[in-house]
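Student: First, the structure itself, so that you have it in front of you.
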């Protein structure tokens with residue numbers, strides 16, 4: 001609940017203190033700003049629920065923008081982006097479940113690999129992104145800006161996967177066993193644990209690629225550094241949202257709120273002219289505060 | 001009547017030691033079958049083979065006359081064999097209903113989980129046990145007894161006809177035991193076969209029809225319980241002559257090393273007092289889980305509830321000992337605590353023998369003191385303990401159980417302590433290593449040390465120790481000289497308390 005309270009308190013404060021905050025322009029802007037983090041954090045959550053981490057998401061976002069900014073038509077680059085995402089997820093998952101490499105090491109290695117390839121493809125930012133991507137992010141439908149629809153669609157898909165399917169339940173089961181120190185518990189129930197963990201990494205990469213597409217639409221070019229440190233922000237958002245990092249406990253709404261809290265915080269501090277360096281320090285303090293105050297072993301927030 | 005399950009000539013080895021050796025077992029419908037034996041007799045292993053957790057090396061399992069082999073617990077459950085193990089296997093972060101259906105969740109036409117149906121069927125399975133629990137409650141919020149009932153309900157829902165209950169009452173209080181027994185009778189009357197593993201003799205006679213006794217992995221006998229008495233059952237379980245494993249007893253002095261007065265393991269348990277003299281090995285015996293372990297652990301600060309006074313060589317030990325400082329407090333008074341589970345609590349499996357021994361030696365110095373050279377002391381310990389390894393740099397995890405246990409003891413014996421509190425000195429080690437360990441402990445006592453030891457193996461305590469305290473219900477109910485004590489006497493003292 002704490003993150004939600006922070007978010008509300010923050011909004012009320014900003015609403016009273018600044019004229020711009022409650023303006024519809026700023027609110028839509030806020031959604032657009034928050035969306036890449038929301039999507040990445042949701043993807044990250046699939047992996048955190050089974051007690052792992054995916055550090056490769058930051059590079060994957062940059063890589064996605066670089067692919068989209070290649071000199072090729074959208075009907076080639078957009079499917080290619082998701083194809084690569086699936087490949088990244090598969091190889092993360094296979095290395096972790098079959099070769100028994102620790103998730104932090106496996107995905108850290110993957111982060112470097114992708115980062116290297118991205119810098120070969122696009123050493124400095126530039127290029128142009130297909131029109132359809134720009135339109136789908138910057139345009140509006142029935143007077144409502146597109147990012148709102150992105151948010152709704154992503155949350156619906158993630159909700160279905162995490163809380164409305166056997167896959168999601170199995171992820172929670174695996175994570176619960178891992179957090180309890182009985183990693184075989186879920187397998188003993190007949191849950192195919194290695195396959196589900198593999199799919200969790202694939203889901204994480206796909207959501208991340210989606211965030212990359214969104215970002216590419218916003219910056220209208222490819223940028224090898226745009227995803228830098230995104231993995232840390234995503235993990236922060238998941239943790240602030242009440243998901244237990246050892247696995248098994250968490251909720252989608254928590255993760256969304258966690259990501260929104262981070263976005264609100266930086267939006268608010270930008271409006272009140274707080275230095276970005278101080279913003280970073282505050283973000284770290286918030287993470288410590290929220291995780292430290294959480295009573296563990298409880299569902300959701 | 002046809003039997004539901006027949007296990008024929010099952011054998012299983014772990015490493016070099018045979019845990020189960022050519023055991024056959026038949027389970028008939030409508031019976032409660034007690035599986036008896038000392039710890040390490042192979043009961044749990046045999047049942048884990050039937051439940052699909054382990055696979056047998058040789059032998060056959062027949063289910064309703066058909067030959068079967070279970071690779072996973074899931075396959076066993078699908079064949080109608082449900083297990084409630086000591087270590088619970090439910091997932092605490094999921095609800096009761098989710099646990100009941102995990103791995104086989106029903107889905108609706110839209111591909112979502114059919115939670116309404118899960119709730120309905122869970123309620124039905126719980127109702128079959130006469131329980132009214134909300135299917136949406138998280139398992140972490142249930143008591144141990146309720147969790148066990150949920151596991152049984154899980155079996156009922158899977159339409160199991162064979163239920164394996166591995167010490168279902170070990171963690172239950174008297175009222176819950178009654179409820180559990182009522183459930184077991186209900187299952188029996190429904191024509192199910194129940195395997196019941198318990199160390200509580202009175203329960204066995206209260207509920208079981210047939211019993212099978214295992215000893216050292218081998219089948220001793222299968223008999224109807226009606227012709228048995230507790231005495232004849234114990235005689236079957238003990239069976240063996242006291243082998244020539246134990247060293248001669250030493251002479252004890254009258255100097256007291258450890259003294260407990262008005263000591264309560266829990267605030268509401270009966271006060272107890274005991275003393276251990278220099279040169280003496282004293283045992284805490286009794287049925288499993290009666291408070292022997294809590295008694296030792298409370299001195300080390302690993303079990304907090306105790307009150308009373310404790311004196312080590314006349315100096316008071318502050319109680320209750322605190323968890324972060326308890327062990328160091330003991331160390332400062334030259335007392336060592338040797339935990340039961342050498343793999344989890346005792347040794348650093350990935351580190352070398354030398355490291356594992358040096359930890360004990362260097363722990364008496366300050367954190368920032370200059371490192372000492374322990375090579376000689378380590379080499380000496382390895383020779384005197386006869387630790388068989390390629391050298392002091394061999395990782396402890398690669399050693400056999402017996403050698404691991406010797407490294408663990410070596411750590412404490414090498415640090416020049418006066419009193420050792422030892423849990424299960426020979427758990428999971430072979431007979432040769434056992435004899436060596438007994439000799440080491442005796443020579444430690446002869447050299448002026450004192451030992452307070454607990455073990456599930458009563459024979460071991462009788463052979464090794466000088467005096468035996470029988471613990472039951474977290475109180476000391478008898479004190480016996482070990483020289484004349486028998487297993488029978490000890491069991492009797494515990495059961496009649």
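The values are calculated or read from the model by the stated rules, or taken from the named source; none is laboratory data. All figures in this text were calculated on a predicted structure; none of them were measured in a lab. Ideal geometry is used to build each Cβ from the backbone, glycine not excepted, and the neighbour counts take in all protein chains shown.
One line per residue, one yes/no per condition, for (1) touching a strand residue (DSSP E or B) at 6+ places or on another chain (Cβ under 9 Å); (2) without any contact (Cβ under 8 Å) to a residue 12 or more places away in the chain; (3) more than 19 Å from residue A:227 (Cβ to Cβ):
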site: A:33; (1), (2), (3): no, no, no
site: A:46; (1), (2), (3): no, no, no
site: A:77; (1), (2), (3): no, no, no
site: A:83; (1), (2), (3): no, yes, no
site: A:91; (1), (2), (3): no, no, no
site: A:99; (1), (2), (3): no, yes, yes
site: A:108; (1), (2), (3): no, no, no
site: A:119; (1), (2), (3): no, no, no
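Student: A further question on this structure: Every residue in region B:100-114 that is in contact with a helix residue (DSSP H, G or I) (Cβ under 7 Å, 6 or more places away or on another chain) and more than 8 Å from chain A (Cβ to nearest Cβ), please.
Tutor: B:100, B:101, B:106
Student: Hey, another quick one. Answer with yes or no whether residue B:160 is away from chain A (no Cβ under 14 Å), surrounded by fewer than 15 Cβ atoms within 10 Å (Cβ to Cβ) and either free of Cβ contacts under 8 Å to residues at least 40 places away in the same chain or part of a loop (DSSP other than H, G, I, E, B) (or both).
Tutor: On the way: away from chain A (no Cβ under 14 Å): yes; surrounded by fewer than 15 Cβ atoms within 10 Å (Cβ to Cβ): no; either free of Cβ contacts under 8 Å to residues at least 40 places away in the same chain or part of a loop (DSSP other than H, G, I, E, B) (or both): yes.
So residue B:160 does not fit the description; no.
Student: Next question. Residue by residue through region A:176-185, note down the ones that are more than 7 Å from chain B (Cβ to nearest Cβ) and in contact with a helix residue (DSSP H, G or I) (Cβ under 8 Å, 6 or more places away or on another chain).
Tutor: A:183, A:184
Student: Just one of B:146, B:121, B:151 is within 14 Å of another protein chain (Cβ to nearest Cβ) and outside any loop (DSSP other than H, G, I, E, B); which is it?
Tutor: B:151
Student: Every residue in region A:245-298 that is part of a loop (DSSP other than H, G, I, E, B) and closer than 22 Å to residue A:157 by Cα, please.
Tutor: Of everything in region A:245-298, those that are part of a loop (DSSP other than H, G, I, E, B) and closer than 22 Å to residue A:157 by Cα turn out to be A:247, A:248, A:249, A:250, A:251.
Student: Still on this structure: Among B:338, B:407, B:396, B:359, which is closer than 30 Å to residue B:14 by Cα, touching a strand residue (DSSP E or B) at 6+ places or on another chain (Cβ under 6 Å) and assigned by TED's automatic domain parsing to the domain that holds residue B:456?
Tutor: B:338
Student: Please determine, by comparing only the residues of region B:325-340 that are touching a helix residue (DSSP H, G or I) at 6+ places or on another chain (Cβ under 7 Å) and part of a strand (DSSP E or B), which one is farthest from residue B:364 (Cα to Cα).
Tutor: Only one residue fits best here, namely B:338.
Student: Would you mind finding the one in A:167, A:149 that is within 14 Å of chain B (Cβ to nearest Cβ), under 30 Å from residue A:249 (Cα atoms), free of Cβ contacts under 8 Å to residues at least 40 places away in the same chain and in a helix (DSSP H, G or I)?
Tutor: Details: A:149 fails: within 14 Å of chain B (Cβ to nearest Cβ).
Exactly one of A:167, A:149 is within 14 Å of chain B (Cβ to nearest Cβ), under 30 Å from residue A:249 (Cα atoms), free of Cβ contacts under 8 Å to residues at least 40 places away in the same chain and in a helix (DSSP H, G or I), namely A:167.
Student: Separate question: Considering each residue of region B:65-99, count those that are closer than 23 Å to residue A:248 by Cα, modelled with pLDDT of 85 or more and either surrounded by fewer than 21 Cβ atoms within 10 Å (Cβ to Cβ) or more than 9 Å from chain A (Cβ to nearest Cβ) (or both), and give that number.
Tutor: 3
Student: Looking at region B:182-194, is at least one residue in a loop (DSSP other than H, G, I, E, B), at pLDDT 85 or above and exposed (fewer than 14 other Cβ atoms within 10 Å of the Cβ)?
Tutor: yes
Student: Looking at this structure, is residue B:401 surrounded by fewer than 22 Cβ atoms within 10 Å (Cβ to Cβ) and over 15 Å from residue B:336 (Cβ atoms)?
Tutor: On the way: surrounded by fewer than 22 Cβ atoms within 10 Å (Cβ to Cβ): yes; over 15 Å from residue B:336 (Cβ atoms): yes.
Spelling it out, residue B:401 is indeed surrounded by fewer than 22 Cβ atoms within 10 Å (Cβ to Cβ) and over 15 Å from residue B:336 (Cβ atoms).
Student: Here are the criteria: (1) farther than 24 Å from residue B:250 by Cβ; (2) modelled with pLDDT of 90 or more. Tell me which single one residue B:391 does not satisfy.
Tutor: (2)
Student: Ok, one more. Can you find a residue that is surrounded by fewer than 24 Cβ atoms within 10 Å (Cβ to Cβ), within 26 Å of residue A:11 (Cβ to Cβ) and modelled with pLDDT of 85 or more anywhere in region A:195-210?
Tutor: No: region A:195-210 contains no residue that is surrounded by fewer than 24 Cβ atoms within 10 Å (Cβ to Cβ), within 26 Å of residue A:11 (Cβ to Cβ) and modelled with pLDDT of 85 or more.
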